[in-house]
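So the structure is just underneath, and the comments pick up after that.
The values are calculated or read from the model by the stated rules, or taken from the named source; none is laboratory data. None of the values given here were measured: they were computed from a predicted structure. Counting neighbours? That spans all protein chains shown, and the Cβs are built from the backbone with ideal geometry, glycine included. Just so you know, the surface numbers come from the protein's heavy atoms only, side chains and all, with ligands and any DNA or RNA stripped out. Shrake-Rupley method; radii C 1.70, N 1.55, O 1.52, S 1.80 Å.
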Amino acid sequence: QVQLVESGGGLVQAGGSLRLSCAASGRTFSSYYMGWFRQAPGKEREFVAAINWSGSSTYYATSVEGRFTISRDNAKNTAYLQMNSLKPEDTAVYYCAADNAIPNLRAGYAGYWGQGTQVTVSS
């Protein structure tokens, strides 16, 4: 069982940066692949980024590649999403997720989800 709690969302101007954090409970955090998803108003939830258990492999949606960086600190049971060069179209609720398989995350499925944190980018 893994519980996920996101933090770090907020209001930022276009071109600015935010870092989201996802704190996980449980002693098996390091065995899970972690992912970030987002859902904008009126749109379906979409995959943003994922990272393997060791942090050696990362995956990104085309829309965020080069601007966002996913990372994790297994000693702190925390995953991060550094978001730079933010655009108004990045406005969404961002969700942290955990699963045992990267293909599941990339397909939008996960065994565990956080409650979400709002990111709003003003133009």
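Assuming V2 fulfils every condition listed in (1) without any contact (Cβ under 8 Å) to a residue 60 or more places away in the chain; (2) assigned to a loop (DSSP other than H, G, I, E, B) apart from one, which condition is it?
Tallying (1) without any contact (Cβ under 8 Å) to a residue 60 or more places away in the chain; (2) assigned to a loop (DSSP other than H, G, I, E, B), V2 fails exactly one: (1).
Go through segment 58-68 and count every residue that is under 17 Å from I102 (Cα atoms) and open to solvent by less than 40 Å² (accessible area, probe 1.4 Å).
Of the residues in that region, 1 qualify.
Select from segment 82-123 the residues that are in a strand (DSSP E or B) and hydroxyl-bearing (S, T, Y) and write down the one among them that is nearest to G9 (Cα to Cα). Give the steps one after another, and end with the answer.
Residues of segment 82-123 that are in a strand (DSSP E or B), as a first pass: 82-83, 92-99, 112-113, 117-122.
Going one step further and asking which of them are hydroxyl-bearing (S, T, Y), we end up with 94-95, 112, 117, 120, 122.
Details: Y94: 8, Y95: 11, Y112: 20, T117: 5, T120: 8, S122: 13 Å.
Among them, the one singled out is T117.
Please tell me if Y60 is at pLDDT 95 or above and of a type in the set (F, W, Y).
Numbers: at pLDDT 95 or above: yes; of a type in the set (F, W, Y): yes.
Taking the combined requirement at face value, the residue satisfies it.
Could you tell me which residue of segment 19-46 is nearest to C96 (Cα to Cα), considering only residues that are in a strand (DSSP E or B) and open to solvent by 30 Å² or more (accessible area, probe 1.4 Å)?
Residues of segment 19-46 that are in a strand (DSSP E or B), as a first pass: 19-24, 33-39, 46.
Then drop every residue that is not open to solvent by 30 Å² or more (accessible area, probe 1.4 Å), which leaves 19, 23, 33, 39, 46.
On the way: R19: 13, A23: 9, Y33: 11, Q39: 12, E46: 12 Å.
Checking each candidate, the answer is A23.
Would segment 69-81 turn up any residue that is in a loop (DSSP other than H, G, I, E, B), open to solvent by 50 Å² or more (accessible area, probe 1.4 Å) and either touching a residue at least 24 places away in the same chain (Cβ under 8 Å) or of a type in the set (K, R) (or both)?
no
Here is a list of conditions, (1) under 19 Å from L105 (Cα atoms); (2) touching a residue at least 12 places away in the same chain (Cβ under 8 Å), and L11 meets all of them except one; can you say which number that is?
Tallying (1) under 19 Å from L105 (Cα atoms); (2) touching a residue at least 12 places away in the same chain (Cβ under 8 Å), L11 fails exactly one: (1).
Which residues, counting only those in segment 94-123, are among the hydrophobic types (A, V, I, L, M, F, W, C) and open to solvent by 40 Å² or more (accessible area, probe 1.4 Å)?
Start the filter on segment 94-123 by keeping residues that are among the hydrophobic types (A, V, I, L, M, F, W, C), which leaves 96-98, 101-102, 105, 107, 110, 113, 119, 121.
Within segment 94-123, A107, W113 meet the criteria.
Given the conditions (1) without any contact (Cβ under 8 Å) to a residue 60 or more places away in the chain; (2) open to solvent by 60 Å² or more (accessible area, probe 1.4 Å), and given that S85 satisfies all but one, which numbered condition is not satisfied?
(1)
Is it the case that A49 is surrounded by fewer than 17 Cβ atoms within 10 Å (Cβ to Cβ), among the aliphatic types (A, V, I, L, M) and touching a residue at least 24 places away in the same chain (Cβ under 8 Å)? Give the derivation first.
Values: surrounded by fewer than 17 Cβ atoms within 10 Å (Cβ to Cβ): no; among the aliphatic types (A, V, I, L, M): yes; touching a residue at least 24 places away in the same chain (Cβ under 8 Å): yes.
So A49 does not fit the description; no.
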